[in-house]
Amino acid sequence: MKLLYLLIFMSGSVSASPSSILYVKIKNNNVCVFTKGGYDKAYGNQTLIYMGKVDGINAFHSSYSKTYLNLKMPIIEENCIKIKSSEFKEPFPYDVVLETDQSYTQRICVNKTSEGHITLLEAEADLDKGIYCGINQYDYSSNGLWTKLKNLFYWVINFLN
C-alpha cells in the first residue's frame, strides 16, 4: 500500500500540470480573477472564462461562461476580469477557469454577509464529503506554500475519488 501512495505522489510530481493557478480577490463586491502570468496579450486575442458548481462528489455543473475578444490579459489585480457576485449561489464550491493558450483554474467558495458584502471562504476537501465550503475566510490571491500544498491536496482527493 505504501508503494501505491509513493507511485501516485511521484506520478503527480513528474507529470506536467494541466493548469496554472488562477488568483482571486473581491473587488467592488465582485469576484475578480487574474493570472500573475508573464505576458499581456491572449493567444488568438480570445480569452474564455467559465465556471461551475462542484457538488459534494466533485461533479462539475457549468453555470457561467463568457468569451472576451482583444482583452488585455489580466496578469495583475488592476486588470482583473470581474464576475458579478450574483453569478454565485451559496454555499457551493465553484471551479473558475480562465482559458487562453494556457488554462488557469481555482476552486473557490463565495459567501454573502448579512450586510450584502462578498467574502471568499476556504474550499475544503474530505474523502467522505468530497469538496465543500468551510467557514474560514481565505485569500486566493496568494501564491505561498500553503496555497500550493492545498492545491496538491485537492488533486490527491480528486484522484482518489
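The values are calculated or read from the model by the stated rules, or taken from the named source; none is laboratory data. Everything quoted here is computed from the prediction, not taken from an experiment. Neighbour counts run over all protein chains shown; Cβ positions are idealised from the backbone, glycine included.
Scan segment 90-114 for residues that are modelled with pLDDT of 90 or more and of a type in the set (S, T, N, Q) and the total you get is 4.
Annotation note: of D139, D126, the sole residue that is over 11 Å from the mean Cα position of the chain (by Cα) and within 25 Å of K36 (Cα to Cα) is D139.
Of everything in segment 118-141 that's of a type in the set (A, V, I, L, M) and not in a loop (DSSP other than H, G, I, E, B), which residue is surrounded by the most Cβ atoms within 10 Å (Cβ to Cβ)? Of everything passing the filter in segment 118-141, I131 is surrounded by the most Cβ atoms within 10 Å (Cβ to Cβ).
When residues in segment 115-150 are screened for being at pLDDT below 75 and closer than 14 Å to V54 by Cβ, 0 of them pass.
Assigned to a loop (DSSP other than H, G, I, E, B) and modelled with pLDDT of 80 or more: does that describe K36? Break it down stepwise before answering.
On the way: assigned to a loop (DSSP other than H, G, I, E, B): yes; modelled with pLDDT of 80 or more: yes.
In short, yes.
Beta carbons closer than 7 Å, at least 6 apart along the sequence or on distinct chains, pair a first residue in segment 89-104 that is under 12 Å from I21 (Cβ atoms) with a second that is assigned to a loop (DSSP other than H, G, I, E, B) and of a type in the set (G, A, S) for S103/S19; Y104/S19.
Among the criteria (1) in contact with a Gly (Cβ under 6 Å, 6 or more places away or on another chain); (2) surrounded by 12 or more Cβ atoms within 10 Å (Cβ to Cβ), the one S62 does not fulfil is (2). I need the full set of residues from segment 39-51 which are over 11 Å from the mean Cα position of the chain (by Cα) and part of a strand (DSSP E or B), in order please. Across segment 39-51, the qualifying residues are K41, Q46, T47, L48, I49. Here no strands (runs of 3 or more DSSP E) wholly within segment 52-117 include at least 1 residues being over 15 Å from the mean Cα position of the chain (by Cα), among the aromatic types (F, W, Y) and closer than 22 Å to G134 by Cα.
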